[in-house]
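Enquirer: Sharing a structure here in structure tokens format.
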Amino acid sequence: MTTNSAFRVAATMALAGAAVFGPIAQPVYAQVAIKRSPSGFNLFSVQQDVELGQQSAVEVERQLPMLNDSRVNTYLTRIISRLAAQAPGAKYPYTIKAVNATEINAFALPGGPMYVHRGLVTAARNEAELASVLAHEMSHVVLRHGTEQASKAYLGKAGLSLLGGLVGKGNTTSQIVTAVGGFGLNAAFLKFSRGDELEADALGAELMAKAGWDPMAMATMFAMLRAEQGRDPSKLEKFFSSHPPPADREARIRTLASSLGTGGSQQVVGGFATVQQRLGGVAVAPSTQPQYSTSTGTVAIPTETVTINVPAPSTSFSRFTHSGGFFTIDFPRNWRAYQSGFAVSLAPEGGVVELSNGQPNLLYGAIVNHYAPFEGESDRWSSSLQRSYTPFEDRTRPRGFLEDATDDLVRTMIRANSYLTATTGSARSEVIDGAAGYSVLMNGRSPVTGEDERVTLYTRGLPDNHVIYVVCISPARDAGVVEQTCSRMMRTLQVNDAAAHRSTGNTFRPPHD
């Protein structure tokens, strides 16, 4: 993720809430979990997923050679209709069309549009193998991986402060999509992480089993694709560029398929051989080179410098009570509270400034919010082995969920604010409102103020493996008084653990155009 250090970390961390899953080290295939609902960080609503997919589909069909064979498309539609009937969560308007290209590929856009190349249909050895790929692609839609990836791409360009509850001007859907490369064959919608792939495999296998196909066909299909890649890499270049193949993928699928029951059929809809034969009589379209976007959009980056001049925090405190009953916290009486969803920003007059791009930036104060993971459990563990900072020294074994979540938050803050570094050895165990917690110190010279800055992150675990966190930020010259203020605030934080699990989505939603 690229960084934009002109945007602020404090307003950054007023992020929306979702589940936190513990890390994994070595795969335990007997315990492959099935994720049935999206929980990662996402800027967009479900309806916006649909709108983005429909607009992208128009661009896709301008660039790709469509087969336009009603019998083939009807057959494919019958397959995805059976799968969609078993799909959990939002009921997306799924559609599917065949692409007249010999490459082995399939993909799904946010909100439901699906495409399969004729090369994949002819490579499959039975209907169940074809259905396995379509079930996998449908699972990406169900779990909202496309807009989740686009959201993370946008954060890397625009800075996390846009999501701080202090929402600025002009954060429309089209501007966000433009910033990550536009509609159509957009890498931000189509390239998934290892964790995304494993999640789509698991849910896809379940959809297959519930719809009547043998889920073991997913393992045999991916084994065939891997073998085909060795024989003719060009046929699978697009597929594996957007679907990274974990080394343990087939073993996981086989184990999961066994647990789901392998008594399903290889043919449920019927007519697979006829469709393959029909494709044999259709001329292949001339080779084309569709333009896959690689996030070529731009975001205006303010370059001005501001001076922070705020009054000292009052020693007299007021109490903030979250409107949803999530938490209460005391804060200096001369600070103001800005609530947005789960998040609240607390700052004195002058602690929040608006730069030339219209985005408010919290430069002095505190943020309290619910934690949304930016990476899946597998990716978080993988990233922890490669990170260049080290608040938690031990990389040889999985950490608990709170250590994992704290590590992920610190890593996210540093990626979005490249001037910050985590102080080695600064991670400390805390007890926050009677529960286990951590604090981590970060420092750096702010490009916005030109001053040294101090940022302290506090995290507290919740019974359902969610996290509430507090970020305190100030110029280094005021770090002593702000640290005392934040320490007092942390002693007053009271969390309603029963309310925390009611998170159903992220705080910020870009308005419709």
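Enquirer: Exactly one condition in (1) at pLDDT 85 or above; (2) more than 24 Å from S340 (Cβ to Cβ); (3) not in a helix (DSSP H, G or I) is not met by D478; state its number.
Expert: (3)
Enquirer: For A135, are the conditions met, namely being modelled with pLDDT of 95 or more, buried (at least 24 other Cβ atoms within 10 Å of the Cβ) and in a helix (DSSP H, G or I)?
Expert: Yes.
Here's the yes/no breakdown for (1) in a helix (DSSP H, G or I); (2) at pLDDT 95 or above; (3) surrounded by 17 or more Cβ atoms within 10 Å (Cβ to Cβ):
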position	(1), (2), (3)
S56	yes, no, yes
V60	yes, no, yes
V72	yes, yes, yes
R78	yes, yes, no
S81	yes, yes, no
Y92	no, yes, yes
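Enquirer: Here are some conditions: (1) within 23 Å of A187 (Cα to Cα); (2) at pLDDT below 90. Q31 meets all but one. Which one does it not meet?
Expert: Unmet condition: (1).
Enquirer: Among the numbered conditions (1) at pLDDT below 90; (2) under 36 Å from the mean Cα position of the chain (by Cα), tell me where R336 comes up short.
Expert: The failed condition is (1).
Enquirer: While we're looking at this one, here's another question. For region 154-170, state whether one or more residues are surrounded by fewer than 24 Cβ atoms within 10 Å (Cβ to Cβ), farther than 20 Å from S45 by Cβ, small (G, A, S) and at pLDDT below 90.
Expert: Taking every residue of region 154-170 in turn, at least one turns out to be surrounded by fewer than 24 Cβ atoms within 10 Å (Cβ to Cβ), farther than 20 Å from S45 by Cβ, small (G, A, S) and at pLDDT below 90.
Enquirer: Which residue is surrounded by the fewest Cβ atoms within 10 Å (Cβ to Cβ), if the candidates are limited to region 312-331 and must be touching a His at 6+ places or on another chain (Cβ under 9 Å) and β-branched (V, I, T)?
Expert: If we take residues in region 312-331 being touching a His at 6+ places or on another chain (Cβ under 9 Å) and β-branched (V, I, T), then T328 is surrounded by the fewest Cβ atoms within 10 Å (Cβ to Cβ).
Enquirer: Any idea which of D478, D452 is surrounded by 16 or more Cβ atoms within 10 Å (Cβ to Cβ) and more than 25 Å from the chain's Cα centre (by Cα)?
Expert: D478
Enquirer: Can I ask one more? Checking A498 against (1) surrounded by 15 or more Cβ atoms within 10 Å (Cβ to Cβ); (2) of a type in the set (A, V, I, L, M); (3) at pLDDT below 85: exactly one of these is not met. Which one?
Expert: (1)
Enquirer: Here's something else I'd like to know. Looking only at region 446-471, count how many residues are of a type outside the set (V, I, T) and outside any loop (DSSP other than H, G, I, E, B).
Expert: Qualifying residue count, region 446-471: 8.
Enquirer: For region 424-445, how many residues are within 27 Å of the chain's Cα centre (by Cα) and not in a strand (DSSP E or B)?
Expert: Final tally of qualifying residues: 1.
Enquirer: Any idea which of N465, N443 is on the phi > 0 side of the Ramachandran plot and surrounded by fewer than 23 Cβ atoms within 10 Å (Cβ to Cβ)?
Expert: None of the others qualify; the one that does is N465.
Enquirer: How many residues does region 414-425 hold that are closer than 18 Å to G437 by Cα and of a type in the set (A, V, I, L, M, F, W, C)?
Expert: So the answer is 1.
Enquirer: If you go through region 65-79, how many residues are on the phi < 0 side of the Ramachandran plot and without any contact (Cβ under 8 Å) to a residue 60 or more places away in the chain?
Expert: 6
The values are calculated or read from the model by the stated rules, or taken from the named source; none is laboratory data. All values reported here derive from a predicted model rather than from experimental measurement. Ideal geometry is used to build each Cβ from the backbone, glycine not excepted, and the neighbour counts take in all protein chains shown.
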